[in-house]
């Protein structure tokens with residue numbers, strides 16, 4: 001793919017269909033330092049390949065605020081065209097929450113909902129000729145998960161799934177894209193799940209069948225388990241091999257030589273930006289973890305693709321500098337037009353390092369791509385690194401409370 005392909009500006013509503021990140025090495029990325037006064041970043045969602053909205057918290061003395069910036073991408077160069085727009089008073093003096101939702105809707109808008117005092121309302125952002133307008137939308141009835149995956153139900157124009165990375169899911173319908181209506185048609189929970197709380201990124205067999213990598217024996221065997229979104233009852237996780245109707249126990253990994261498997265899963269940070277935006281995009285479940293027999297600087301990716309007969313385990317990556325010991329969680333998203341490339345990043349606050357690994361599903365290869373020095377703020381809620389998918393063209397990586405890196409090919 002020619003250098004600069006992903007840097008072209010596409011018309012609103014179109015995508016860079018051919019963008020491929022298999023060769024991404026970070027050399028074409030650009031970094032922007034914002035002048036907006038930011039306490040910590042919360043989430044980002046794009047309108048199109050040129051504009052998006054970045055949501056953050058602002059220190060405001062006894063009543064911290066939520067604000068938005070309009071981010072513009074001009075041939076790979078980022079800028080804030082409209083910044084520091086406050087729209088929520090949180091009612092607390094030290095707002096630290098990172099939960100909420102910042103996601104694109106199917107009509108080209110962006111919705112935002114955060115864990116602040118006015119968080120029962122969807123805030124709806126629209127764009128026209130580069131100008132962004134915000135309005136209050138529907139009072140939300142959905143659950144506000146710490147690790148939300150808010151995705152379009154493929155083939156539907158008003159349907160979404162609201163998935164918790166842990167063990168719960170909802171079906172959502174809004175005929176006017178959350179301006180005045182929202183219906184939660186189904187709420188599911190599950191039992192027998194050992195890797196909840198954001199440790200496994202789920203995939204879909206179809207829009208009604210979501211699956212995670214799970215262990216039924218508290219860490220000794222790993223296998224995919226599914227939930228049926230047409231069932232309104234609390235469900236026990238069902239193991240499957242290939243077809244979701246086949247409950248035969250599939251080939252598993254025995255982790256006898258990794259005795260602390262359960263305590264060394266490398267879970268996702270609390271976040272508001274979905275790792276992908278449509279059920280039909282991703283049929284892979286991922287679980288990043290430390291390689292416990294190799295120390296605190298080694299990582300491995302477990303993955304399962306719907307229809308396969310076994311779980312894959314990648315090669316082990318040894319970080320070139322720094323460690324994972326100082327932080328128990330990371331951030332990740334898919335980049336490109338397919339779900340073949342997944343980026344996973346973390347911060348070593350003690351040693352002032354930020355690292356990014358690339359997982360290539362087709363080759364089952366995990367590679368460290370970036371490892372750079374970064375002195376992160378030490379205030380609670382500020383020492384954060386987040387990856388935010390920007391449709392097919394790449395991702396934003398927000399670093400600390402001032403830097404934004406545009407990841408592109």
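The values are calculated or read from the model by the stated rules, or taken from the named source; none is laboratory data. Computed from a predicted structure; not experimentally measured. Cβ coordinates were reconstructed from backbone atoms using ideal geometry, including for glycine residues, and neighbour counts include every protein chain displayed.
Name, by its number, the condition in (1) without any contact (Cβ under 8 Å) to a residue 40 or more places away in the chain; (2) assigned to a strand (DSSP E or B); (3) within 27 Å of residue 288 (Cα to Cα) that does not hold for residue 166. Unmet for residue 166, out of (1) without any contact (Cβ under 8 Å) to a residue 40 or more places away in the chain; (2) assigned to a strand (DSSP E or B); (3) within 27 Å of residue 288 (Cα to Cα): (2). In region 213-235, the residues that are within 21 Å of residue 187 (Cα to Cα) reach residues that are modelled with pLDDT under 65 with C-beta atoms within less than 7 angstrom, at least six apart or across chains, in these pairs: 213/195; 214/193; 214/194; 214/195; 226/244. Residue 387 fulfils the conditions (1) assigned to a loop (DSSP other than H, G, I, E, B); (2) within 18 Å of residue 104 (Cβ to Cβ) except for a single criterion, (1). Scanning region 65-97 for residues that are closer than 18 Å to residue 401 by Cα, in a loop (DSSP other than H, G, I, E, B) and in contact with a strand residue (DSSP E or B) (Cβ under 6 Å, 6 or more places away or on another chain) turns up just one, 95.
How many residues are assigned to a strand (DSSP E or B) and surrounded by fewer than 22 Cβ atoms within 10 Å (Cβ to Cβ) if we restrict to region 47-58?
Let us first name the residues in region 47-58 that are assigned to a strand (DSSP E or B), namely 51-58.
So of that shortlist, the ones also surrounded by fewer than 22 Cβ atoms within 10 Å (Cβ to Cβ) come out as 51, 58.
Residues that pass the stated criteria total 2.
In region 201-225, what residues are outside any loop (DSSP other than H, G, I, E, B), in contact with a strand residue (DSSP E or B) (Cβ under 6 Å, 6 or more places away or on another chain) and modelled with pLDDT under 85? Quick ask: steps written out before the conclusion?
Step one: list which residues in region 201-225 are outside any loop (DSSP other than H, G, I, E, B), which gives 201, 203-206, 209-214, 221-225.
Subset that is in contact with a strand residue (DSSP E or B) (Cβ under 6 Å, 6 or more places away or on another chain): 201, 203-204, 209-214, 222-225.
The answer is 213, 214, 222, 223, 224, 225.
For the condition closer than 30 Å to residue 27 by Cβ and surrounded by fewer than 20 Cβ atoms within 10 Å (Cβ to Cβ), what is the one hit in 128, 79? Break it down into steps so the answer makes sense when it comes.
Values: 128 fails: closer than 30 Å to residue 27 by Cβ.
Unique residue meeting the criteria: 79.
The residues listed here are 10, 5, 41, 32; of these, the one that is crowded, with 23+ Cβ neighbours inside 10 Å and either at pLDDT below 90 or under 27 Å from residue 88 (Cα atoms) (or both) is 41.
Against the condition more than 22 Å from the chain's Cα centre (by Cα) and either modelled with pLDDT under 95 or in a loop (DSSP other than H, G, I, E, B) (or both), how does residue 61 come out, does it pass?
On the way: more than 22 Å from the chain's Cα centre (by Cα): yes; either modelled with pLDDT under 95 or in a loop (DSSP other than H, G, I, E, B) (or both): yes.
So residue 61 passes the test.
Checking the structure you have, find out if any residue of region 130-141 is assigned to a loop (DSSP other than H, G, I, E, B) and modelled with pLDDT under 95. Yes: one or more hits. Condition test on residue 140, is it more than 24 Å from residue 209 (Cβ to Cβ), under 22 Å from the mean Cα position of the chain (by Cα) and surrounded by fewer than 21 Cβ atoms within 10 Å (Cβ to Cβ)? Against the criterion (more than 24 Å from residue 209 (Cβ to Cβ), under 22 Å from the mean Cα position of the chain (by Cα) and surrounded by fewer than 21 Cβ atoms within 10 Å (Cβ to Cβ)), residue 140 qualifies. Quick check: is even one residue across region 242-256 at pLDDT 60 or above and surrounded by fewer than 23 Cβ atoms within 10 Å (Cβ to Cβ)? Looking for residues that are at pLDDT 60 or above and surrounded by fewer than 23 Cβ atoms within 10 Å (Cβ to Cβ), one finds none in region 242-256, hence no.
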